[in-house]
Amino acid sequence: VNLHHDETTAAQTTMKFIQENGGNLVRIENNNKRNVEFMLDQRSYSFDPNRMFTATGRKLSLNKNGNYSEPADKEVEGFAKTVLDHLVSYQYILSIHNNTDGNYNVADYSGKLKVDAARVHINPQMDRDDFVLTTEEEIFNSLRSQNINAVLQNNSTAVDDGSLSVYAGRNGLKYVNIETEHGHYLEQERLLKEVVKIIK
């Protein structure tokens, strides 16, 4: 799944992988923007589609991006359900994301995001912006054994930000997020291949 339409490195790499290996990509098409904007009752609303999967996350995201109302919350909840309907039948959910240099990286889970992580593995030879986050201990252990930057989400203490990883962790869905810096095509491809190999 590709929730942010502006994260093109992830999408292009994954589509190439699917052409060569098979698979499906659920993608929100949104004019190459991160946030989804809509009008309801002559008011404009905006939300982050990776903050729409819980009630707390939706409220925080709508408020942060301008306006909140219960009818708008219901619309976003319905949209989230539509996305989830495309995902829940799969054995694993692989989410693909890109970040900007130094803005969000694996080391954050040993610092400001420590409450979200049960375990963290950092390879000093890898760019910290390139890492994998998962809800599954087995996958984390496999990644660590290959010296890949990895985070095992703490599903009981992770802050409810409405993200797909939090939703998955709380609802028993097997989730993996492949996160790389914009433009790191080769690393996105390598991590995608490694994750698929581990799952298989």
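Below, the figures for the structure above:
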| quantity | calculated |
| --- | --- |
| Residues being surrounded by 13 or more Cβ atoms within 10 Å (Cβ to Cβ) and either more than 17 Å from the chain's Cα centre (by Cα) or among the polar types (S, T, N, Q) (or both) - total across the stretch 75-99 | 6 |
| Any chance ALA168 is touching a residue at least 60 places away in the same chain (Cβ under 8 Å) and in contact with a strand residue (DSSP E or B) (Cβ under 8 Å, 6 or more places away or on another chain) | yes |
| Which numbered condition ASP116 fails, given (1) more than 15 Å from the chain's Cα centre (by Cα); (2) of a type in the set (D, E, K, R); (3) open to solvent by less than 40 Å² (accessible area, probe 1.4 Å) | (1) |
| Selection count, the stretch 45-60, where residues are part of a helix (DSSP H, G or I) and either open to solvent by 10 Å² or more (accessible area, probe 1.4 Å) or not small (Gly, Ala, Ser) (or both) | 5 |
| Subset of the stretch 66-89 (residues that are in a loop (DSSP other than H, G, I, E, B) and touching a residue at least 40 places away in the same chain (Cβ under 8 Å)) | VAL88 |
| Set ASP129, ASP161: member being within 24 Å of ASN30 (Cα to Cα), in a loop (DSSP other than H, G, I, E, B) and either among the polar types (S, T, N, Q) or modelled with pLDDT of 95 or more (or both) | ASP161 |
| Qualifying residues in the stretch 64-74 (those that are open to solvent by 40 Å² or more (accessible area, probe 1.4 Å) and more than 21 Å from the chain's Cα centre (by Cα)) - the one nearest to SER165 (Cα to Cα) | LYS74 |
| The stretch 135-165, residues that are within 16 Å of GLY57 (Cβ to Cβ), out of contact with any helix residue (DSSP H, G or I) (no Cβ under 7 Å at 6 or more places or on another chain) and open to solvent by 10 Å² or more (accessible area, probe 1.4 Å) | SER165 |
| All positions within the stretch 145-172 that are within 23 Å of PHE17 (Cα to Cα) and in contact with a Leu (Cβ under 9 Å, 6 or more places away or on another chain) | ILE148, ASN149, ALA150, LEU164, SER165 |
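The values are calculated or read from the model by the stated rules, or taken from the named source; none is laboratory data. All values reported here derive from a predicted model rather than from experimental measurement. Note that we place each Cβ from the backbone using ideal geometry, even for glycine, and neighbour counts take in every protein chain shown. Note: areas computed on protein heavy atoms with side chains; ligands, DNA, RNA excluded. Shrake-Rupley method; radii C 1.70, N 1.55, O 1.52, S 1.80 Å.
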